[in-house]
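Student: Below is one structure. I have some questions about it.
Readers should treat all values here as calculations from the given coordinates under stated rules, not as data from a laboratory. Worth saying up front: this structure is predicted, and the values here are computed from it rather than measured. When we count neighbours, we look across all protein chains shown, and the Cβ atoms used for this are built from the backbone with ideal geometry, even at glycine.
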Amino acid sequence: MPGQRAPSFRRRRLLGAAAVFAPLAAIAPAALARSANSPIPRVYMILFRGETDVEAGFHQWFKDNRLQADFMVRSVDMDASRVPALLEEARAWRADLIYTWGTPVTMAVAAREFDVPIVFTMVSAPIAAGLTQSLASSRRNLTGVSHVVPARQQMSAIQSYRRVDRIGAIFNPNEVNAKVAIREMRAEAARAGAAFNARPVPLDAAGQPRADAIPGMLADFAENRTQLIYIGPDSFIASQRILVTETALALGLPVFSAAEVALRDGSALFGLVAGYQNVGRLTAHKAARILYHRVKPAALPIETPGAYSYLVNMDVARQLGMMPPARVLQFAEQIK
């Protein structure tokens, strides 16, 4: 379609042995009934910056549970203004469910689509984003999964690694989720007796964050003896994770990340995260409840995966000369 760079494709998936978040018996009868009496359900997926491990977990859950569905995948390439055109395509395709990735995409879809059920993923602050007033029920035609560990637990994870008194952060001022995370972490830092200096990334003439400003911002933090850089749930910063984390590493600044991607595909030192594949599997479970059990989205609570991982990038720890203490090694997952 005009202006859409990312390729689309349909996949028919068979889902298999045992459900991750619910007994297979609870899903399978409805799935079999649907396949016998109606077309295979269609899931239209709108991503923010291409496919991630969230989608890998999502598709794998369908395969593992032997459920059939067709998927059409689109990416807005970090430009949520493309959403209206994609919604037209979704309606023309007669999608049974719309999957949305991230806060900007989900907000844009939820503001325009009221008939097709929406299941979102990777939305860090659904209440603050105006998607719902309660995590127990959206009271509308959407539900989904959040991925961010509560700020208090993040701060505890930071202080478990080493005591810091000066924390710096950069964020995209255009993203509601990023601003909420910064506000919550500032409050937790104050509670822990640490200074928290958060700076918005400057915007260009078009109102978009300037990636070229990031190295200078990090250099300023280093000059002011900042002890740690915090990366929150921020789609723009995540897209610039290599620039952010490698620049910080070169400056001798350790990075704590609230998202897995900056650790596994970046040079963040450590983080407390909900694994992307687990987020995807929980999202798939909610989608299946809607598609095969005919459960209304409003009847499904908005949740986060129950388990978090404390990740430590050992290569980065060695380069910084900041090896984790023995107490952290007892429970941390060491990567790289």
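Student: Can you list the GluC sites (Glu not before Pro) in the range 34-138 that are in a DSSP coil and have 15 or fewer other beta carbons within 10 angstrom?
Tutor: Glu51
Student: 222 nm [θ] for the chain, helices only, -39500 (n - 2.57) per DSSP H run of 4+, per residue, to 500?
Tutor: Rounded to the nearest 500, it is -11000 deg cm²/dmol.
Student: If we count other beta carbons within 10 Å of each Cβ, what is the order of Ser137, Ser267, fewest first?
Tutor: With the sparsest Cβ surroundings first, the list reads Ser137, Ser267.
Student: Per-residue counts of other Cβ atoms within 10 Å, averaged by peptide: what ranking do you get for 254-260, 155-161, 275-281, highest first?
Tutor: Order by mean packing, descending: 254-260, 275-281, 155-161.
Student: Continuing with this model, one more query. Which residues does the label zone of Leu135 cover in the range 291-313, counting backbone N under 16 Å from a point 7 Å along Cα→Cβ?
Tutor: Label zone hits: 300-309.
Student: Here is a further query. Working from the alpha-carbon coordinates of the chain, get Rg over Rh, Rh being the Kirkwood radius.
Tutor: Rg/Rh for the chain comes to 0.99.
Student: If R0 is 25 Å, what FRET efficiency do you get for Lys296 and Ser81 from their C-beta distance, rounded to 0.05?
Tutor: For Lys296 and Ser81, the calculated efficiency is 0.25.
Student: Then there's this: Straight-line reach from Lys63: which lysines fall under 20 Å, measuring Cα to Cα and dropping same-chain residues less than 8 apart?
Tutor: Once the sequence-local lysines are set aside, what remains near Lys63 is Lys286.
Student: Same structure, new question: Per 0.36 nm of contour for each residue apart, how much would the distance between Gln208 and Arg163 grow if the chain were fully extended, relative to their Cα-Cα spacing?
Tutor: Stretched out fully, the Gln208 to Arg163 stretch lengthens by 12.7 nm.
Student: With only alpha-carbon pairs counted, each pair once and no self-pairs, how large is the Kirkwood hydrodynamic radius of the range 103-227 in angstroms?
Tutor: It is 16.5 Å.
Student: How would you classify the range 114-168 from its alpha-carbon gyration tensor, with a ≥ b ≥ c the square roots of the eigenvalues: rounded for a/c under 1.5, else prolate if a/b is greater than b/c, otherwise oblate?
Tutor: In terms of gyration-tensor shape, prolate.
Student: If you rank Trp61, Trp93 by fewest surrounding Cβ atoms within 10 Å, what's the result?
Tutor: So the residues, fewest neighbours to most, are Trp93, Trp61.
Student: Along the charge dipole of the range 172-252, pointing to its positive end and built from +1/-1 on Cβ of Lys, Arg, Asp and Glu, which listed residue (Asn177, Leu218, Ala250) has its Cα farthest out?
Tutor: After comparing all options, I get Asn177.
Student: Follow-up question, since we're still on this one. Report, in whole Å, the centroid distance computed from the Cα atoms of the range 274-315 and the range 164-186.
Tutor: Distance between centres, Cα-based: 24 Å.
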